[in-house]
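Okay, structure first, notes after.
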Amino acid sequence: VFSQNEPAAIYNVPTDKKVIALTFDISWGDKRTEPILKVLEDKGIKNTTFFLSSPWSKSHPELVQRMVKNGWEIGSHGHKHVNYSKLSDEEIREQIQTADGILKQVTGQNPNLIRLPNGDFDKRVLRIANELNYKVIQWDTDSLDWMNKGVANIVNRVVTKAHPGDIVLMHASDTCTQTHEALPTII
């Protein structure tokens, strides 16, 4: 149970408007991101958030710059893709700060949102992220696109669960082979 005075993760945004937030985690690979960016560009999507791991960002600066140029929000997905709740306070701080420095260098921006690897956190992680001026962003709807159970399954899962202010978790890493095909219908 989390106290109202303690930092908390954000799972949705309270609104009556029929809007959702499409968010994408990226940690590895160079084949799936491009098709997803193209769909977003072709559909004229202006508001989306990419949570980028710092090693991926460093090795794919041209894709990151394309995201920045399109005005899409860049959040941190940390440095190592490990469960931060299993790390010491010092290691948690190091992972967030390392990613922060690399993302600032690659984007020219100061990220203030973080989605922790595997969505894993505890009170310590929330407190440290907050101390480092980060808001922890989770999701209400998990597309389960990483399971690759078919385009129709991804679409159905998102459109049947989506609600006003929903934050939708998707991925643009190479292990998710169907996201770019499901995205046009979801949009």
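Can you list the residues, at least 5 places off or on another chain, whose amide H is less than 5 Å from the amide H of residue 142, using H built in the peptide plane?
Long-range HN contacts for residue 142: 169.
Give me the log10 of I(q) over I(0) for region 95-144 at q = 0.13, 0.15, 0.24, 0.29 Å⁻¹, as the Debye formula computes it from C-alpha points; what are the numbers?
Scattering profile of region 95-144, log10 relative to I(0): -0.33, -0.44, -0.94, -1.16.
State the three equivalent ellipsoid semi-axes of the chain, derived from the C-alpha gyration tensor as the square roots of 5 times its eigenvalues, in descending order and whole Å. It would help to have the intermediate numbers written out before the result.
Values: eigenvalues 125, 80, 46 Å².
In descending order, the three semi-axes are 25, 20, 15 Å.
Reported to two decimal places, what Rg/Rh ratio describes region 1-41 when computed on Cα atoms with Rh from the Kirkwood expression?
Rg divided by Rh gives 1.15.
Starting from the Kirkwood Rh over alpha-carbon pairs, what translational D in µm² s⁻¹ does region 121-187 have by Stokes-Einstein at 37 °C and 0.692 mPa s?
247 µm²/s
Taking the alpha-carbon set of region 11-112, what are its Rg and Dmax in Å?
Calculated on Cα positions, Rg and Dmax stand at 14.5, 44 Å.
Only Lys, Arg, Asp and Glu count, each charged at its Cβ (+1, +1, -1, -1), so figure out the dipole size of region 1-146 about its Cα centre, rounded to 20 debye.
Values: 19 positive and 20 negative charges, 68 e Å.
Dipole magnitude for region 1-146 comes out near 320 debye.
Could you work out the helix-only [θ] at 222 nm for the chain, with each DSSP H run of four or more residues adding -39,500 (n - 2.57) and the total divided by the number of residues, to the nearest 500 deg cm²/dmol? Please report the intermediate quantities before stating the final value.
On the way: 7 runs with 72 residues, N = 187.
One gets -11500 deg cm²/dmol as the mean residue ellipticity at 222 nm.
Pairing the Cα long axis of helix 151-161 with the longest principal axis of the chain, what angle in degrees results, from 0 to 90 and rounded to the nearest 10?
Taking the Cα atoms of the chain, the angle to 151-161 is about 70 degrees.
With every protein chain left in place and a probe of 1.4 Å, what is the accessible surface of residue 134, to the nearest 10 Å²?
Roughly 10 Å² of residue 134 is accessible to a 1.4 Å probe.
Using alpha carbons only, how many degrees (0 to 90, rounded to 10) separate the axis of helix 89-107 from the longest principal axis of the chain?
50 degrees
With +1 on the Cβ of every Lys and Arg and -1 on the Cβ of every Asp and Glu, and nothing else charged, how large is the dipole of region 90-164 about its Cα centre, in debye rounded to the nearest 20?
Here region 90-164 has a charge dipole of around 240 debye.
Over region 1-144, what is the mean sequence separation of C-alpha contacts under 8 Å (at least six apart), divided by residue count, expressed as relative contact order in percent? Mind showing how you got there, number by number?
Values: 215 pairs, mean separation 40.0, N = 144.
So the answer I get is 28 percent.
Can you find, among 156, 111, 101, the residue sitting farthest towards the positive end of the charge dipole of the chain, where Lys and Arg contribute +1 and Asp and Glu -1 at Cβ?
It is 156, whose Cα lies furthest towards the positive end.
Based on Cβ point charges of +1 for Lys and Arg and -1 for Asp and Glu, what charge dipole magnitude is obtained for region 18-101 about its Cα centre, in debye rounded to the nearest 20? Before the final figure, lay out each step's value.
Working: 12 positive and 12 negative charges, 81 e Å.
Using only the charged Cβ atoms, the result is roughly 380 debye.
Quick one: plug the Kirkwood hydrodynamic radius of region 67-128 (C-alpha pairs) into Stokes-Einstein at 4 °C, 1.567 mPa s, and report D in µm²/s.
On the way: Rh = 12.0 Å.
Using the Kirkwood radius from Cα pairs, D works out to 108 µm²/s.
The values are calculated or read from the model by the stated rules, or taken from the named source; none is laboratory data. The structure displayed is predicted, hence computed values, not measured ones. So basically every Cβ, Gly included, is an ideal-geometry build from the backbone, and we count neighbours across all protein chains shown. Accessible surface areas use protein heavy atoms only, side chains included; no ligands, DNA or RNA. Shrake-Rupley method; radii C 1.70, N 1.55, O 1.52, S 1.80 Å.
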